[in-house]
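**Student:** Sharing a structure, written as structure tokens. Questions coming.
The values are calculated or read from the model by the stated rules, or taken from the named source; none is laboratory data. Just so it is clear, the model here is predicted, and its values are computed rather than measured. Every residue, glycine as well, gets a Cβ built from its backbone with ideal geometry; the counts of neighbours run over all protein chains shown. With ligands, DNA and RNA removed, areas are computed over all heavy atoms of the protein, side chains included. Shrake-Rupley method; radii C 1.70, N 1.55, O 1.52, S 1.80 Å.
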Amino acid sequence: MVKPMKRRLAAHEEFEIMKLVLDKFLWIGTFLMGFGIYSALAYDVVDGAWYVGTGALVMVLFAWFIVKEFELVR
């Protein structure tokens, strides 16, 4: 019995898929920052600042990850 060969993706195809997945995490960061601004204006500035900081941290971490992977692909 012969095993079927797995198809390998090209480097640009892998990068495009990675961008699609990581883009979702950047949306999470944007949502957290937006909710933090709303929370700061509507309820408490300190609680809102925590959400904004968390959203910014998520966005920076995943932007760094995308750049690192892009340099690895090259």
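**Student:** Could you say which residue among Val58, Val21 is without any contact (Cβ under 8 Å) to a residue 40 or more places away in the chain, in contact with a Gly (Cβ under 7 Å, 6 or more places away or on another chain) and of a type outside the set (Gly, Ala, Ser)?
**Tutor:** Working: Val21 fails: in contact with a Gly (Cβ under 7 Å, 6 or more places away or on another chain).
Matching residue, one of Val58, Val21: Val58.
**Student:** Could you please find all residues in segment 18-74 being among the charged types (D, E, K, R) and touching a Phe, Trp or Tyr at 6+ places or on another chain (Cβ under 8 Å)?
**Tutor:** The first filter runs over segment 18-74 and keeps only residues among the charged types (D, E, K, R), leaving 19, 23-24, 44, 47, 68-69, 71, 74.
The answer is Glu69, and nothing else.
**Student:** Same structure, new question: State all residues of segment 1-34 that are at pLDDT below 80, open to solvent by 100 Å² or more (accessible area, probe 1.4 Å) and of a type in the set (A, V, I, L, M); if no residue qualifies, say none.
**Tutor:** Residues satisfying the conditions are Met1, Val2, Met5.
**Student:** I want to confirm something. Restricting to segment 35-56 and keeping residues that are hydroxyl-bearing (Ser, Thr, Tyr) and within 18 Å of Phe25 (Cα to Cα), which single residue is surrounded by the most Cβ atoms within 10 Å (Cβ to Cβ)? Explain how you work it out, then say what you get.
**Tutor:** Filtering segment 35-56 for residues hydroxyl-bearing (Ser, Thr, Tyr) gives 38-39, 43, 51, 54.
Next, from what is left, pick out any that are within 18 Å of Phe25 (Cα to Cα): 51, 54.
Details: Tyr51: 19, Thr54: 16.
Here the answer is Tyr51.
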